[in-house]
Amino acid sequence: MTGGVLAEGLSKRFDEFDALIGVDFAVPEGALVAMLGPNGAGKTTTIRILTTLLRADAGHATVAGYDVAKQPQLVRGAIGVTGQYAAVDEDLTGRENLVLVGRLCRMKKKAAQERAAALLEVFELTDAADRRLRTYSGGMRRRLDLGGSLMFAPEVLFLDEPTTGLDPRSRLDLWDVIVELKEAGTTIVLTTQYLEEADQLADTISVIDNGRIIEEGTADQLKDRIGGDVIDLRVHDREQLDEAVASLIREFKAAEADVAVDRDLGSVVVPVGGDGGGSAALVTAVRSLDAAGIRIDDLSLRRPSLDDVFLHLTGHAAEARVGAKKRRGRIPTSGVR
Amino acid sequence: MPRNEEVAFLQVECDDMTPVAPARIGTPEERAALPPLRVLADIGLLAQRNLRKSIRMPMFIVFSTIQPFMQLALFVFVFGSVATVGGDISYEQYVVPAVLIQTMTFAGMGSGIGIARDLDTGMIDRFRSLPIARSAFLVGRTSSDSLRLGIQAILLVIASMVMGFRFTTGLGPALAMVVVVVLFGLALTTFSAWMGLTVRDPETVQAAMFIPMLPLVFTSSAFAPISELPEWMQPFARWSPVTAAIDTARGLALGDEVLYQVNQIHLSEAFLHFVIWWLVIVVVFTAMAVRKYRLG
């Protein structure tokens, strides 16, 4: 039996909308693969197919060696799922939520209670264990939700945007748990729209956009694909931003799509290519901007970030900066409701 | 619950391992096996969860019980003095079985609302991703709701007796009437469950259920004998599932003779209608609800 996750040619169409178009995706046993993409790219659809919640129109997938379409019950016996929104019961206590999941997974009452207590301890929920979830904060619900998907120590764990909407501290705590799970040998599929998260946690990253996997590799491999370094600069007067962009594109012969412009900050990121490289590029940039009479507040030369990679690959940013997420359920991000 | 070899439970062995990811707790095969006893245990666990949730909303229970009491009082004390039906019985005797059935109709909506809420909070996705029997969620829901309806029906029967209602047929038929009333409620919970899975929004479910339910209840023998209804309405009323249930309940509570006097139908015939309707409703809506649940 081969463990891990293997998906070949997964396609899914909703009404007139192609959510997935021939997605190939592989996670070796014990690895952590991040699926990185913006909202609506197809991350959740992929997870729902792999966790037997949705049937693919075409393609084939196995999880922990079981076929998701032909052996869904065995797949369910091998996986843990934590979704974008905590799937926990408001009217039950934290402990009751976990014990219910454990018992539904065939654990004896006592075993389920012991396991629940251990997980509550890990997720720092012991004090709140016997309170109903109405009093839990968003971060506490997410932790409990993750606890639920760990009740039987699943072979494969699916984490669908586990940190979306969490405060920075809760996010770091969750990262620690994910690392611990990975070290214990759990195969993990993580979807995220946060580049930093993929960079920090994943062995390899699959970049997904508009229902297609457009690139795969380690974070370093992806960064190398941009070829060389980038110059990141901020102009003093935003009125001069367009002029600066035009001048830099001319100077470095960069494709317009690869240049990231942030109008709010008045900043621009330009790939400077391999030749000449490094400090020569800096000098060139300064000279050309100076010749055009453009004042600069900030200028740096650096390795491309995953953000730059994403822009390079898709022509748009991965992280949604403005606008709310499409809501599919309640998002308990605040404390007491 | 009886235990045999088939129901071997999983044990945790995590003493010397990290608690987040202990040594495996069973294998996927063990967790996914579905012997019949396990299916029953899953249904029990999910029904227990629903009941626990209801008990934690005491005000909801109080109000949802008071409301039919008030309705009962309204029909008995207000209409009871002005309305008359044929035969030798008072309006009060006539209307109590109808109020019971009507209460089941509206209380049955709770199933759909509960299911829509579980969809909304992601609980259904959680259950669907666990290795439990596909049927356990829906059967668990209808079981706990039937218990809730049964308690409500018994409370209402007691209240109606305090207000002067009398069974004229003896204990056996009286109990049979309660069973018929609850069975009718159970049939409606399957319809309600399907509605909940289809409409998916708790508030909308409630509003959407009223649309077929209200005319169905009033276009029946519930509050007036069918012969007193407008002529165009009579065929609908005669073949209505609500009429079948109410007349069966009446026949059991008041006797076949009285039923025939007021509604020109024998208990055996009303019961046959009830059985056919019951089977149709339960089979059709269970199948449709299970399909919705599986497809997500």
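Tabulated data for the structure shown
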item: CD proxy at 222 nm, helix term only [per DSSP H run n ≥ 4: -39500 (n - 2.57); per residue of chain A; nearest 500]; result: -10000 deg cm²/dmol
item: Relative contact order %, segment A:93-143, counting alpha carbon pairs below 8 Å whose residues are six or more apart; result: 45 percent
item: CD proxy at 222 nm, helix term only [per DSSP H run n ≥ 4: -39500 (n - 2.57); per residue of chain B; nearest 500]; result: -23000 deg cm²/dmol
item: Total charge dipole magnitude, segment B:34-295, about the Cα centre, Cβ charges on Lys, Arg, Asp, Glu only, Debye to nearest 20; result: 1340 debye
item: Relative contact order %, chain A, counting alpha carbon pairs below 8 Å whose residues are six or more apart; result: 21 percent
item: Under 21 Å from A:Lys182, Cα to Cα: lysines that are on another chain or at least 8 residues apart; result: A:Lys43
item: Phi to ³J(HN,Hα) by Karplus 6.51 cos²θ - 1.76 cosθ + 1.60 over segment B:192-204, Hz, x for Gly, Pro; result: 4, 4, 5, 4, x, 6, 8, 7, 6, 10, x, 5, 5
item: Chain A: translational diffusion in µm²/s, Stokes-Einstein, Kirkwood Rh over Cα pairs, 37 °C, 0.692 mPa s; result: 150 µm²/s
item: Placed amide H near A:Thr204: partners under 5 Å, 5+ positions off or other chain; result: A:Leu32, A:Ala34
item: Kyte-Doolittle mean at least 0.0, axial Cα span of 15 Å or more - DSSP H helices of chain A; result: A:94-104, A:241-252, A:278-291
item: Among A:Ala87, A:Gly4, A:Leu241 - extreme Cα towards positive end, dipole of chain A, charges at beta-carbon; result: A:Ala87
item: Estimated translational D of segment A:65-168 in µm²/s (Stokes, Kirkwood radius over Cα pairs; 25 °C; 0.890 mPa s); result: 175 µm²/s
item: Projected label distance in nm at A:Ser279 and A:Asp242, using a 7 Å step from Cα toward the beta-carbon; result: 3.7 nm
item: Highest-first arrangement of A:100-113, B:104-117, where packing means the average Cβ count within 10 Å; result: B:104-117, A:100-113
item: Cβ charges +1 (Lys, Arg) and -1 (Asp, Glu), total dipole of the protein assembly as shown, debye; result: 2160 debye
item: Taking chain B and dividing mean pair separation by its residue count, relative contact order in percent (alpha carbons under 8 Å, at least six apart); result: 22 percent
item: Along chain A, longest interval not containing exposed GluC sites (Glu not before Pro), exposed being DSSP loop plus at most 16 other Cβ atoms within 10 Å; result: A:125-318
item: Degrees, to the nearest 10: B:267-295 long Cα axis against longest axis of chain B; result: 30 degrees
item: Folded to 0 to 90 degrees: helix B:36-55 orientation relative to chain B principal axis, Cα; result: 70 degrees
item: Net dipole in debye of segment A:189-316 [+1 Lys, Arg Cβ; -1 Asp, Glu Cβ; about Cα centre; nearest 20]; result: 320 debye
item: Sequence ranges B:175-182, B:237-244, ranked by mean other-Cβ count within 10 angstrom, highest first; result: B:237-244, B:175-182
item: Computed label-point distance, nm, for sites B:Gln48 and B:Ile158 using a 7 Å Cα→Cβ extension; result: 2.6 nm
item: Net lengthening on full extension, A:Ala69/A:Asp307 (0.36 nm per residue, minus Cα-Cα); result: 82.2 nm
item: HN-Hα J in Hz across segment B:160-174 - Karplus 6.51, -1.76, 1.60, θ = phi - 60°, x for Gly and Pro; result: 5, 5, 4, 7, x, 6, 10, 6, 10, 10, x, 5, x, x, 4
item: Shape call, segment A:1-133: gyration tensor on alpha carbons, a/c limit 1.5; result: prolate
item: Theoretical FRET efficiency, 1/(1+(r/R0)^6), r = Cβ-Cβ of A:Phe14 and B:Thr204, R0 25 Å, to 0.05; result: 0.75
item: Segment A:103-254 - convex hull of alpha carbons, volume per residue in Å³; result: 189 Å³
item: Volume in Å³ per residue [convex hull over Cα atoms, computed for segment B:34-295]; result: 130 Å³
item: Antiparallel bridge percentage (DSSP; both residues within the protein assembly as shown; nearest 5); result: 65 percent
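No value in this document is a laboratory result; all are computed from the given coordinates. Please read all numbers here as calculations on a predicted model, not as lab measurements. Here Cβ is always computed from backbone atoms with ideal geometry, including for glycine, and neighbour counts include all displayed protein chains.
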